[in-house]
Amino acid sequence: MRSLQSKLSAFFARICPDQTSGTTMVPRSWHKVAAVSGMAALALGTYGAHIYKPKNPAYKDVWQTASLYHLVHSAALLAAPSVKHPNIFGGFMTAGILGFSGTCYAVALIEDKQYALLAPFGGFAFIAGWASLLF
């Protein structure tokens, strides 16, 4: 666990280094994360609307839910630099997008709900991100 945590920290430090300490993200870097996430949300939403044809039509709704939450929270990431704790807010929103929307996309593609185990954690991350605005 510690090894994975140190690898993730090193990865994020490389892609978004803090100009003062080199260990945490610069608040404005969240705009880049929002841009990449927004592009992915639009691409995946377009795929879901025009190309994705599941055997069970119920999975189309799962895909649409993932796309909606992905896009809405990508837009919310644009506000990260202006909040009091941008890295906490941005981190929770990103974790929510990956955990909730990512899980929903996977469930819809595989068409098996047994892989939905991470979705509630992603939902809690969304809630924690919004709650972080209170402090």
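Here are the numbers for the structure shown:
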quantity	calculated
Top-ranked residue in region 21-36 [being open to solvent by less than 60 Å² (accessible area, probe 1.4 Å) and among the aliphatic types (A, V, I, L, M); ranked as farthest from residue 91 (Cα to Cα)]	35
Region 75-109 - residue that is β-branched (Val, Ile, Thr) and touching a Ser or Thr at 6+ places or on another chain (Cβ under 9 Å) and, of those, surrounded by the most Cβ atoms within 10 Å (Cβ to Cβ)	97
Number of the condition not met by residue 111 [criteria: (1) at negative phi; (2) more than 9 Å from the chain's Cα centre (by Cα); (3) not aliphatic (A, V, I, L, M)]	(1)
Of all residues in region 55-74 being under 11 Å from the mean Cα position of the chain (by Cα) and hydrophobic (A, V, I, L, M, F, W, C), the one that is surrounded by the fewest Cβ atoms within 10 Å (Cβ to Cβ)	72
1 or more residues of a type in the set (Ser, Thr, Tyr): qualifying helices (runs of 4 or more DSSP H) within region 69-134	86-96, 102-110
Residue in region 37-44 that is open to solvent by 50 Å² or more (accessible area, probe 1.4 Å), within 17 Å of residue 119 (Cβ to Cβ) and within 14 Å of the chain's Cα centre (by Cα) present	yes
Candidate set from region 45-54 (those that are more than 15 Å from the chain's Cα centre (by Cα) and open to solvent by less than 40 Å² (accessible area, probe 1.4 Å)); member that is nearest to residue 122 (Cα to Cα)	48
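The values are calculated or read from the model by the stated rules, or taken from the named source; none is laboratory data. What you are looking at is a predicted structure, and each value in this text was computed from that prediction instead of being measured. With ideal geometry, Cβ positions are generated from the backbone for all residues, glycine too; neighbour counts draw on all protein chains shown. Just the protein is used for accessible areas: all its heavy atoms, side chains included, with ligands, DNA and RNA removed. Shrake-Rupley method; radii C 1.70, N 1.55, O 1.52, S 1.80 Å.
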